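Beneath this line is the structure, given in structure tokens, with notes to follow.
The values are calculated or read from the model by the stated rules, or taken from the named source; none is laboratory data. Just so we're clear, the structure is a prediction, and the values are computed from it rather than from any experiment. Heads up, the Cβs are rebuilt from the backbone with ideal geometry, glycines too, and the neighbour counts pull from every protein chain shown. To get the accessible areas, we keep the full protein, side chains included, count just its heavy atoms, and leave off ligands, DNA and RNA. Shrake-Rupley method; radii C 1.70, N 1.55, O 1.52, S 1.80 Å.
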Amino acid sequence: MNIPDNLKYTKDHEWISVDENIATLGITDYAQGELGDIVFLDIDPELSEIVKGEPFGTIEAVKTVSDIYGPFSGKVIEFNKALLDTPELINSAPYKDGWMIKAEISNAADLGDLLDSKAYMELLGQ
């Protein structure tokens, strides 16, 4: 299982890469492995905002459907449109081509609840 040290994580198995006040968001390698083969990503390509703790989309896998939650509040500035046609990128490259959205963070304090790689590994029992 791949858990990069340079990312932050949520208890809902999402990863966040922060560059100044812009964050890139996706689901972790662990999450995609637990979900299985991802067949559909339901995020409105016109999504303009995410809210901390609120669902903003779903991931559909062969076995289940799972909500995606906002780990912070912010203005969505980019959606990975490649996932509309090839959602399996989330399985094959969750930290690279499988990213979901980029958003401008509204309140940096929202990031205080995120886990570093060591804390995320402990959450997973590693």
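Numbers for the structure displayed
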| read-out | value |
| --- | --- |
| Of the criteria (1) open to solvent by less than 30 Å² (accessible area, probe 1.4 Å); (2) touching a His at 6+ places or on another chain (Cβ under 8 Å); (3) at pLDDT below 95, which one Thr28 fails | (3) |
| Subset of segment 57-68 (residues that are open to solvent by less than 70 Å² (accessible area, probe 1.4 Å) and in contact (Cβ under 8 Å) with a residue 24 or more places away in the chain) | Gly57, Ile59, Ala61, Thr64, Ser66, Ile68 |
| Subset of segment 80-126 that is farther than 28 Å from Phe40 by Cα and open to solvent by less than 40 Å² (accessible area, probe 1.4 Å) - its residue that is modelled with the highest pLDDT | Ala119 |
| Evaluation of Asp5 against (1) in a strand (DSSP E or B); (2) more than 10 Å from the chain's Cα centre (by Cα) (one fails), failing number | (1) |
| Test result for Glu54, exposed (fewer than 14 other Cβ atoms within 10 Å of the Cβ), touching a Ser or Thr at 6+ places or on another chain (Cβ under 9 Å) and under 20 Å from Leu7 (Cβ atoms) | no |
